[in-house]
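Have a look at the structure below before the remarks.
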Amino acid sequence: HPSCIDLTLDMVPHIQAYAWQCTDCKTCAQCHDPADEDKMLFCDMCDRG
C-alpha cells in the first residue's frame, strides 16, 4: 500500500505504471544490480533507483 511506505498521492500513478519494487528488492534501473540503499539515488516522483 502506498500509504504504508509514505508515498505521496502524486507518486501513486507513477509507481502503478511500471513494475514497482520495494526498498528491500529494489535494483538499479540502469545496471539492474541490487545495491546498497545508502549508495543508490531514488527519483522523488517514481521511486526508481
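Since every read-out is calculated from the coordinates, none of them should be taken as a lab result. Note that the coordinates shown come from a computational prediction; the quantities given were computed from them, not determined experimentally. Positions of Cβ are generated from backbone atoms using ideal geometry, with glycine treated the same way; all protein chains shown enter the neighbour counts.
General remarks:
- Among residues of region 19-40, those that are surrounded by 10 or more Cβ atoms within 10 Å (Cβ to Cβ) and over 17 Å from residue 5 (Cα atoms), counted: 6
- Residues of region 10-49 that are touching a helix residue (DSSP H, G or I) at 6+ places or on another chain (Cβ under 8 Å) and not charged (D, E, K, R): 11, 12, 15, 22, 23, 45, 46.
- Set side by side, the residues 10, 47 differ, and just one is in contact (Cβ under 8 Å) with a residue 24 or more places away in the chain and either in contact with a strand residue (DSSP E or B) (Cβ under 8 Å, 6 or more places away or on another chain) or surrounded by 10 or more Cβ atoms within 10 Å (Cβ to Cβ) (or both), which is 47.
- Of all residues in region 23-38, those that are part of a loop (DSSP other than H, G, I, E, B) have Cβ atoms under 7 Å from Cβ atoms of residues that are of a type in the set (S, T, N, Q), 6 or more apart or on another chain, in 33/27; 37/23.
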